[in-house]
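A short worksheet on the structure shown next.
The values are calculated or read from the model by the stated rules, or taken from the named source; none is laboratory data. This structure is a prediction, so every number in the text was calculated from the model and none was measured. Neighbour counts run over all protein chains shown; Cβ positions are idealised from the backbone, glycine included.
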Amino acid sequence: MKRYGVFFAGMCMAATAWCGPVGSEYLLQTKNTSLAFAKEEGTWLLLHYGAKISQIEDARLLASKGFAGDSWLGYRKPATYSVNGADTYFEKTGNKFGGLAVIHADGVLSTELADAGAETVADRDGVTHLVIRMKDTVYPFTVQQHFRAVYESDVVETWVEITHTESAPVRLVRMDSAALVFPLISKRFYVMTLTGEWASEGQLVESPLALGQTISLTSRSGIRSAFGNNASFMLSLDTPATETAGRVIGGALAWSGAWTIGLRHDQIDMLSIHAGADTGSGAYVLDPGKTIVLPKLMLTFSDQGKGQVSRNFHRWARDIHIHNGNSSRPVLLNSWEGAYFTFTEKTLTDMMDGVKEMGGEMFVIDDGWFGRGEFARDDDRRGLGDWVLNEKKLPHGLEWLVNQTKDRGLGFGIWVEPEMANTASELVKAHPDWVLREKTRALRQGRGGSQVVLDMTNPAVRDNIFGQLDAILQSGKRIDYIKWDANASVMNVGSTFLGKDRQANLWFDYTTGLYELLSRVRAKYPDVMINACSSGGGHMDYGFLHFADEFWTSDNTDARQRVFIQWGAGQFYPACMMGSHVTVVPNHQTGRTTPLKYRFDVAMSGRMGFELHPSKMTADEVAFAKNAVAEYKRIRPVVQQGDLYRLVSPWQNSYASLMYASSAKDHAVIYVYGLNRPIHSDYPPPLLLQGIDPAKRYKVTELTREKGKRPHIPVDGKVLSGDALKNVGLPIRLGTEYDSAIFELTEVK
């Protein structure tokens with residue numbers, strides 16, 4: 001049986017939980033939350049999702065699953081997976097807003113699912129995996145719904161698998177991974193999401209989800225799924241939650257293609273959450289005997305505000321989902337803003353010397369190292385798709401360049417854009433049919449006037465790209481890092497590989513093809529780091545990030561704007577993944593000039609790096625950088641692996657502050673960033689710290705202090721109690737605009 005997207009299901013490992021059949025009810029537990037399920041008349045219902053309860057019987061008795069508002073009209077049972085089916089007063093699972101809409105082989109539009117058995121299955125330690133099987137009451141059409149509860153992080157992954165053996169293909173008009181209907185849990189809901197565009201990612205938006213309304217989030221890029229909207233949300237119950245108070249449901253979809261998320265507050269105050277791959281231009285055609293595995297939706301709940309939702313996602317990502325999530329990421333220099341396309345071997349070796357002197361650990365060569373002859377990559381109009389060395393620029397070869405980094409004690413990384421090509425390339429010249437195109441229309445071309453998207457649904461394309469990447473990694477030897485970029489959306493929605501009746505499958509099959517390619521690279525080169533770039537934050541999604549170690553947060557490297565962009569990204573994604581680089585001024589995107597210390601202090605709150613040519617730095621700047629890098633490497637474990645606490649939001653204040661604290665509460669780092677003051681006397685009040693133990697004592701030390709400058713706190717070097725730091729607060733002095741400070745807390749025993 002062929003299975004599409006099977007990598008989403010995960011590996012089955014030894015489990016501590018009991019495995020076996022489930023009767024008519026089940027209580028799925030994490031450390032602090034519970035999901036309660038019960039079967040009634042052949043339909044699985046969601047009785048409770050929220051703070052932890054101990055008895056399933058209590059959830060069954062208390063659940064608001066009977067009539068609501070003294071009326072049955074329009075009532076929907078809180079089904080674990082709702083489908084488009086019968087439309088009656090007493091319907092079981094069918095409704096007009098179902099997450100699954102099917103045209104069966106005989107043309108019938110309704111689907112009615114009934115229980116076909118449930119069980120818990122083996123998984124890794126600390127994970128409980130519940131599988132609910134449902135079958136149409138008439139057709140040989142089945143749905144397997146998965147709930148995978150990760151105990152420590154309070155995150156539940158959910159997805160479905162669909163298969164059938166009908167007489168001909170069925171068409172999936174809608175195929176959501178999750179289509180949950182909740183019992184009455186509140187009368188007011190507020191939705192926070194991330195929006196933005198190129199160079200303006202991660203903007204926070206919050207709005208009420210009013211009675212009778214649906215908030216719909218979508219991405220139709222097909223590739224750069226986080227452009228426009230990020231595939232994530234926080235849903236506050238009753239009132240807009242703060243960082244530290246309120247009931248919140250958080251969600252994030254693991255999908256890099258076209259997607260949709262819908263949150264509906266219906267006329268009788270029931271809530272439904274739908275999320276999954278968007279069917280784009282039309283229904284997905286699923287052949288008999290085939291299984292489609294839909295992407296995961298991650299859910300978490302907090303009754304302690306939005307901050308805990310973020311910490312839950314971060315821990316889940318580091319422990320379960322991302323590659324090498326609990327390892328440190330290196331301080332690197334990327335060549336792009338320091339050289340762009342114009343460089344020689346000496347340009348690159350000078351950069352290596354510079355980053356080595358400052359204490360960096362890796363050098364990455366960006367765009368412009370590849371292509372040959374008429375397709376040599378000297379600008380953005382040619383060469384994409386030809387992953388062979390530009391020998392004119394690098395006459396000594398790639399292995400020589402790698403050895404130059406190794407001789408300096410550095411790691412080596414390289415930029416690629418495997419999903420795209422230029423029409424001016426050997427690849428497209430030889431295989432024009434490998435490009436996404438509509439057969440009756442002129443080929444639309446993107447960046448440089450010649451960029452196109454390769455057809456990842458075609459195995460021959462994937463084999464070619466993998467072969468080229470494999471050759472690079474083999475010839476370069478000891479390549480440590482791949483910066484995987486993608487600078488185009490699906491511009492030509494057509495495939496010469498897919499049949500004319502399967503063109504709409506492109507939206508889904510492109511992404512599963514991309515994941516198959518990524519999985520091959522990851523399997524053969526498990527120790528090579530992968531950076532998910534995609535014009536900045538376009539690949540900031542947990543689908544691509546399952547294969548990656550980090551992402552490039554934004555092409556906007558302006559330090560002030562990065563305070564906002566990284567604040568948004570940190571709502572759902574951990575600091576260890578967040579590429580944040582020190583750049584030159586005036587900034588190349590905004591023209592803004594900010595102090596060197598400010599640029600370092602912002603970069604040090606993520607995975608720190610450089611995007612410049614060190615030879616253009618003064619001796620004093622290099623000396624400052626050496627000290628800052630050394631301090632960053634010392635605090636890196638708590639920054640990259642600690643718990644994030646957002647203290648003061650830049651969206652409501654003229655300054656911002658956040659902190660990271662170790663799980664043992666023995667080490668913490670606090671960041672403060674001045675923004676634009678409305679008036680000089682807009683001084684910050686003392687920072688009430690979080691994430692520390694009131695019973696412990698901490699030494700407070702200011703980091704990255706500039707010579708001759710006053711300290712930003714009156715207690716630098718002092719030892720203070722945790723309860724005073726939490727309840728009295730740390731007094732901060734900010735001087736001019738773009739003033740900044742970093743403070744370290746270390747437990748004193």
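Given the structure, is N676 under 35 Å from the mean Cα position of the chain (by Cα), farther than 22 Å from A628 by Cβ and either modelled with pLDDT of 95 or more or among the aliphatic types (A, V, I, L, M) (or both)? Against the criterion (under 35 Å from the mean Cα position of the chain (by Cα), farther than 22 Å from A628 by Cβ and either modelled with pLDDT of 95 or more or among the aliphatic types (A, V, I, L, M) (or both)), N676 does not qualify.
For G383, state whether it is under 30 Å from A252 (Cα atoms), crowded, with 20+ Cβ neighbours inside 10 Å and modelled with pLDDT of 95 or more. Taking the combined requirement at face value, the residue does not satisfy it.
Checked against (1) at pLDDT below 95; (2) over 20 Å from W415 (Cα atoms), T511 meets all criteria but (1). Annotation note: Cβ proximity below 7 Å between a residue of region 670-681 that is in contact (Cβ under 8 Å) with a residue 60 or more places away in the chain and closer than 21 Å to T746 by Cα and a residue that is crowded, with 21+ Cβ neighbours inside 10 Å and among the small types (G, A, S) (sequence gap 6+ or interchain) occurs for I670/S657; Y671/S605; Y671/S657; V672/S657; V672/S740; V672/A741. Scanning region 460-467 for residues that are farther than 30 Å from G360 by Cα, assigned to a strand (DSSP E or B) and of a type outside the set (A, V, I, L, M, F, W, C) turns up nothing.
The lone criterion from (1) surrounded by fewer than 20 Cβ atoms within 10 Å (Cβ to Cβ); (2) more than 24 Å from H546 (Cα to Cα); (3) modelled with pLDDT under 95 left unmet by D287 is number (3). Looking across region 677-718, the residues that are surrounded by 11 or more Cβ atoms within 10 Å (Cβ to Cβ), of a type in the set (S, T, N, Q) and in a loop (DSSP other than H, G, I, E, B) come down to Q690, T704.
Take the conditions (1) without any contact (Cβ under 8 Å) to a residue 12 or more places away in the chain; (2) under 26 Å from Q571 (Cα atoms); (3) assigned to a helix (DSSP H, G or I); V638 misses just one of them, which is (1). Only a single item in (1) crowded, with 24+ Cβ neighbours inside 10 Å; (2) in contact with a Pro (Cβ under 7 Å, 6 or more places away or on another chain) is not met by L469, and it is number (1). Does A741 fit the bill of being closer than 28 Å to T594 by Cα and of a type in the set (A, V, I, L, M)? Answer is yes for this residue.
The set of residues in region 607-628 that are surrounded by 22 or more Cβ atoms within 10 Å (Cβ to Cβ) and within 18 Å of D353 (Cβ to Cβ) comprises G609, F610, E611, L612, A625.
Among residues of region 400-418 being small (G, A, S) and under 31 Å from the mean Cα position of the chain (by Cα), the one that is surrounded by the most Cβ atoms within 10 Å (Cβ to Cβ) is G413.
Surrounded by fewer than 21 Cβ atoms within 10 Å (Cβ to Cβ), among the hydroxyl-bearing types (S, T, Y) and either touching a helix residue (DSSP H, G or I) at 6+ places or on another chain (Cβ under 6 Å) or over 13 Å from M491 (Cα atoms) (or both): does that describe T457? No; evaluated as a whole, the condition is false for this residue. Within region 308-323, being of a type in the set (A, V, I, L, M) and farther than 18 Å from T242 by Cα holds for A317, I320, I322.
Count of region 551-599 residues, restricted to those that are in contact (Cβ under 8 Å) with a residue 12 or more places away in the chain, assigned to a loop (DSSP other than H, G, I, E, B) and not aliphatic (A, V, I, L, M), is 18. Against the condition assigned by TED's automatic domain parsing to the domain that holds L398, over 16 Å from S495 (Cα atoms) and in contact with a Lys or Arg (Cβ under 6 Å, 6 or more places away or on another chain), how does S450 come out, does it pass? The answer is yes for S450.
Of note, W369 does not satisfy the criterion of being over 19 Å from S335 (Cα atoms), under 30 Å from the mean Cα position of the chain (by Cα), among the aromatic types (F, W, Y) and modelled with pLDDT of 95 or more. All conditions in (1) at pLDDT 95 or above; (2) out of contact with any Lys or Arg (no Cβ under 9 Å at 6 or more places or on another chain) hold for Q474, with the sole exception of (1).
Of note, G354 satisfies the criterion of being under 24 Å from M529 (Cβ atoms), over 29 Å from the mean Cα position of the chain (by Cα) and among the small types (G, A, S).
Meeting the requirement of 2 or more residues that are in the same structural domain as P140 (by TED's automatic domain parsing), under 30 Å from Q690 (Cα atoms) and in contact with a Gly (Cβ under 9 Å, 6 or more places away or on another chain), the strands (runs of 3 or more DSSP E) wholly within region 250-309 are 297-302. Give me the pairs, please: first residue somewhere in region 501-529 and among the acidic types (D, E), second residue anywhere and surrounded by fewer than 23 Cβ atoms within 10 Å (Cβ to Cβ) and assigned to a helix (DSSP H, G or I), beta-carbon distance under 7 Å, and either six or more positions apart or on two chains. Sorted first by the residue in region 501-529, then by its partner, the pairs are E516/R462.
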